[in-house]
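Asks: Sharing a structure with you now.
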Amino acid sequence: MKILVCIKQVPDMESKFKVNADGRWYDAADLAWRMNEYDEYAVEQAVQLKEQVGADSDLTVLCIGPERVKETMKKALAMGADRGVNVADDNSHQKDPFEIASIIAEFAKEQGFDLIFTGMQSQDRGSAQVGVLVAELLGLPSISTIVDFSYADGRISAKRELEGGVKARVSCATPALVTCQLGLNTPRYPTLPNIMKAKKKELLSVELAELLKVEGKQETSKIYFPEKKGGGLVLEGDASDLADQLIQILKEKTAVLA
Amino acid sequence: MKTLLVAEYRDGKLLGSTYELVAFAQKIGAESSMFLVGSETVLPQYDGTLYLADSSKYGEFNPAVHKQLLLDVIAREQPEMVVFSHSSYGWDLAPRISLALNAAHISEVVEFVDGVPVAPVCNAKLRREVKANTVQTVVSLQAGAFGLSSDPVGSPRVERVETDTAPQIEFEGYEEAEAGGVDLSKAEVIVSAGRGIGKPENIAMIEALAKSLGGEYAASRPVVDSEWAEHNRQVGTTGQTVSPKLYVACGISGAIQHLAGMKKSEFVVAINTDKDAPIGEVADVLLVADLKQLVPVLTEKLQIL
C-alpha cells in the first residue's frame, strides 16, 4: 500500500506576530516553527495505517516550503514516514489553496497512492481547502474533518466531526483522501532511536517549476491586526492585587457574588 | 450582484446558519436565490427562489451528488458569488464547487469592507483582505459573523432539482454527542480551562475556582483532545454553546471556534499571560497573569467572602 501524508510548517501560534515589509503576510523572522497541529494527526494516522498493513506499505511525507521546513519533515520521518519530499519554494506563503493543491496533485498523479492524508486546515491560513482540492484534482473520493479512522479490505470507515459534538459515520473505497481533525488520535512523540534513524532516511528536494503549472486565483492584498473592540479593561500586577480588583469588579458589574 | 446561497439541513432540520447567508446577501446589497438539499416539509422563511433537492433521495452528506446538483443550479442561475457557511458541510462542498467553476474560494469570511472580503489568520491574531482574481467567486462565511436584525419572513418559490450522479461515499448515520454529564447551557457561572493550564493536574484548581463562584468548570478543545477533561465539558462549535452571567477563561487563547461557543456570555473575564491573545477581544476584563498563581489566590479570597 502506498500512502502519502501532506504536511505544512507553521509558526507557533503563541508567537508575537509582526506584519512583513510588503504588508501582505506576517514577518517570518524571529518565529518558532513547528508542524501544523492538524498535520500531526494526519502523520500519526498514516503511520498507524502503515503499521497495520505491515511490510507491504510505503509512506511518503510531502511538504512545500523553504529550506527550514526540512526540520519539520524530520519529525514526520522520526514518527515513522519512510521518505520525505520537499517541494522547494521560498514563496509558498504567497500561494493560494488552489496552487498548493495543484502542486500536490501534480506530484501525486502518477504515483498511485492508495491513501492520502492531510490536515483539515492549517493553523495560519486556515482555509480548509487544500485536502479536498487535491482529491478533486486527482478524481478521488475524499472525506473531510475526520475524528475516527479505520481501514480494512480496500475500504475506509471514518467519522466526520459535525457541529455540536455530532459525528457522521461514512465509508468509501480506496484510493481516497481524508483530512484530519484535531483529536483523531494521539500523535506520538518521536523516540531518540527513531530520531537517529530518521537522519538516514531519504529527504528529496523537487523543484517547484516541475510541479507548479497553474496560476493562483486569489491573493492576500493586506494583512493587519484587528482593532481591539469593546474597550475591555486590561489589568496587570501582583496576583493578590489582581484578585482583589477582580472581586471588586465582579461585585459591581455582575450579580454572581450577591 | 447575484448570489446563490447554499443552505444546510441536518437530521430533519434546517440549520439556523441558513439565515446568516440571507443576512450576508442583504448586507452586501445582493440579489439572491437559494439551494438546499432538504425537505419540502421544512422550508426556510425566505422570499426568493429555492432550488430544492430531496434529501431522502440524495442524502444529507453525499458530496459528489450534492456537487452535481449545485453545479446544475449554478449553470441555470449564473450567480457571481456562491455563498456557503464555513461549516463541516460548507468547507467540504465549497472547494469541490470552486474547482469545478475555476473560481476563487475565500474561506471563513468574517466581514466585507468596501466589497473586499476579510478572513482571519493565525488563530484570529491577524486578519487579511483577500482579492479574488476570478469573476465568479465562492465564499464561505464564519459562523456567527453575519446575522439577521429581525426574524426571517417569507416563503420561497420552490424549484425542484434532480440528478442521476453516482455517490462516491456511503453515509451510514449520525452519532450523537455523548449523553449525560453536564448541561453547561444552564450554568450561571462557568470557569473554563485552556491549554495554558499546562498539565492535567491543574484542572483541579479550575474546578475549585468554579466551585467558589457557584458554577461549573468547562474546557476548550485542546484540553478535551488531550483528555484532561471530558468532552461533555467542552465549550465551542464542536462542544456546547453557553451564555452564563460570568465566564472566566483561564489560559484560553480564544480560537474562533471557542469564541463562537461563549461570546454570548454576559460578562467575560480572561486570565492570560499573553496581552494580545484574541480572547482579549471578547473579554470585559483581561487579567495579564499566570493563572497558576492567580487562580489559587482568587479562589481563596472568594471562599472567605
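Read-outs throughout are calculated quantities, based only on the coordinates presented, and are distinct from any laboratory measurement. Fair warning: this is a prediction, and the values are worked out from it, not measured in the lab. So basically every Cβ, Gly included, is an ideal-geometry build from the backbone, and we count neighbours across all protein chains shown.
Asks: Let me spell out the model: positive unit charges on the Cβ of Lys and Arg, negative unit charges on the Cβ of Asp and Glu, origin at the Cα centre of the protein assembly as shown. What dipole size does that give, in debye rounded to 20? Don't jump to the answer; show the numbers that get you there.
Replies: Numbers: 58 positive and 79 negative charges, 117 e Å.
Computed charge dipole of the protein assembly as shown: roughly 560 debye.
Asks: Residue by residue through A:132-141, how many Cβ atoms from other chains fall within 10 Å of the Cβ on average?
Replies: 4
Asks: Here's another thing I want to ask about it. What share of all Cα pairs of the protein assembly as shown, in percent, falls into each consecutive 10 Å distance bin?
Replies: P(r) for the protein assembly as shown, in whole percents per bin: 3, 17, 27, 27, 18, 7, 1, 0.
Asks: Give the aspartates and glutamates reachable from B:K245 as a straight Cα distance under 16 Å; neighbours fewer than 8 places away on the same chain don't count.
Replies: A:E252, B:D183, B:E188, B:E216, B:E266, B:D284
Asks: Once the Cα gyration tensor of segment A:75-164 is found, what semi-axes does its equivalent ellipsoid get, as square roots of 5 times the eigenvalues, in whole Å, sorted largest first?
Replies: So the three semi-axes of segment A:75-164 are 22, 18, 15 Å.
Asks: With 10 angstrom as the radius, rank A:K8, A:K222, A:K200 by how many other C-beta atoms surround their C-beta, starting from the fewest.
Replies: A:K200, A:K222, A:K8
Asks: In vacuo Debye scattering of segment B:1-119, one point per C-alpha: log10 I(q)/I(0) at q = 0.14, 0.23 Å⁻¹?
Replies: -0.53, -1.59
Asks: Relative to the longest principal axis of the C-alpha atoms of chain A, give the angle of the C-alpha long axis of helix A:239-253, reported between 0 and 90° and rounded to the nearest 10°.
Replies: 70 degrees
Asks: Related question: So, by mean Cβ neighbours within 10 angstrom, what's the order for B:203-212, B:142-151 with the highest one leading?
Replies: On the way: B:203-212: 19.4, B:142-151: 15.2.
Those peptides, ordered most packed to least, come out B:203-212, B:142-151.
Asks: Mind checking which aspartates and glutamates have their Cα closer than 16 Å to the Cα of B:K125? Skip sequence neighbours fewer than 8 apart in that chain.
Replies: Those aspartates and glutamates meeting the cut-off are A:D12, A:E14, A:D27, A:D124, A:E227, B:E108, B:E111, B:D274, B:D276, B:E281.
Asks: Related question: Let me make sure I get this right: for segment B:184-303, a, b and c are the square roots of the gyration tensor eigenvalues over alpha carbons, sorted descending. Under 1.5 in a/c it's rounded, otherwise prolate if a/b > b/c, else oblate. Which is it?
Replies: rounded
Asks: In Å and from the alpha-carbon atoms only, list the Rg and Dmax of chain B.
Replies: 21.7, 70
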